[in-house]
Structures are given as structure tokens and as C-alpha cells.
1. Pairs please, first residue from the range 35-59 and under 16 Å from L79 (Cα atoms), second anywhere and part of a loop (DSSP other than H, G, I, E, B) and polar (S, T, N, Q), Cβ atoms under 8 Å, 6+ apart in sequence or on different chains.
2. Working only within the range 29-84, note down all residues that are open to solvent by 50 Å² or more (accessible area, probe 1.4 Å), under 21 Å from M1 (Cα atoms), in contact with a Gly (Cβ under 9 Å, 6 or more places away or on another chain) and among the hydrophobic types (A, V, I, L, M, F, W, C).
3. Can you pull out the residues in the range 1-11 that are open to solvent by 80 Å² or more (accessible area, probe 1.4 Å) and at pLDDT 85 or above?
4. Taking the range 17-29 as the search range and keeping residues that are at pLDDT below 90 and outside any loop (DSSP other than H, G, I, E, B), which one is nearest to C78 (Cα to Cα)?
Amino acid sequence: MLSFEGQKIQGAQGIVAKLTSLPFQQCQHSITTVDCQPSGPAGGEIDTILGVKETMDTFAEATWLHLNQLKTTMLAGCLSANDSQALADIM
């Protein structure tokens, strides 16, 4: 499932259709800050990544925030339990 600006999109076809309908073809990330914290006695961590995302064809910039919760598992070793990204226009 993909949640995009309040809209919930399910299934591979729906997600691909949403991402390919965005008004740009290429973007670049510049990471400015990474903060990792342990997340409880069962292991894992919460990662906060802050940076700037720039679309290459429209030259628009936005502040980019990425939150990720990693959990340790017996089978996979490490699993991304929650992954969230947000943009805030600055230009």
C-alpha cells in the first residue's frame, strides 16, 4: 500500500500508475542529517533522514523528511516495519 498526500493506493499497478503520473521524470536527493535511535528491548531502530529533493526537469526544491522503523526478525534479520516520507515546499 502507498499513502500519498492522504490518498491510499493499493496494489502494484495502482502504485506504479500513481508514481508515473507525477509531474516530473527524475529527481535527486541530497541528505543533510541522519539520526538513528534504538527502538525498544526487542532490537531494531528508528531512522530519521532530512535532506533536499530536487526535480531535475522542473528544478523545484523541497525539504524532504524520511522516517523508517527497522525491526529485527528471526527469519529476515532486519525488516522495514514502517517507512514514511514527506515533502515541504521551500521555493
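1. If the second residue must be part of a loop (DSSP other than H, G, I, E, B) and polar (S, T, N, Q), the pairs left are E45/S39; I46/S39.
2. L65, C78, L79
3. From the range 1-11, those open to solvent by 80 Å² or more (accessible area, probe 1.4 Å) are 1, 5, 7-8, 10; that's our starting set.
Listed by number, the residues that qualify are Q7, K8, Q10.
4. Looking only at the range 17-29, we keep the residues that are at pLDDT below 90, and these are 18-29.
Okay, now just the ones that are also outside any loop (DSSP other than H, G, I, E, B), so 18-20, 27-29.
Numbers: K18: 28, L19: 26, T20: 29, C27: 28, Q28: 27, H29: 24 Å.
This residue is H29.
The values are calculated or read from the model by the stated rules, or taken from the named source; none is laboratory data. These numbers were taken from a predicted model, which means no experiment stands behind them. Here Cβ is always computed from backbone atoms with ideal geometry, including for glycine, and neighbour counts include all displayed protein chains. Ligands, DNA and RNA are excluded from the accessible area calculation, which covers all protein heavy atoms including side chains. Shrake-Rupley method; radii C 1.70, N 1.55, O 1.52, S 1.80 Å.
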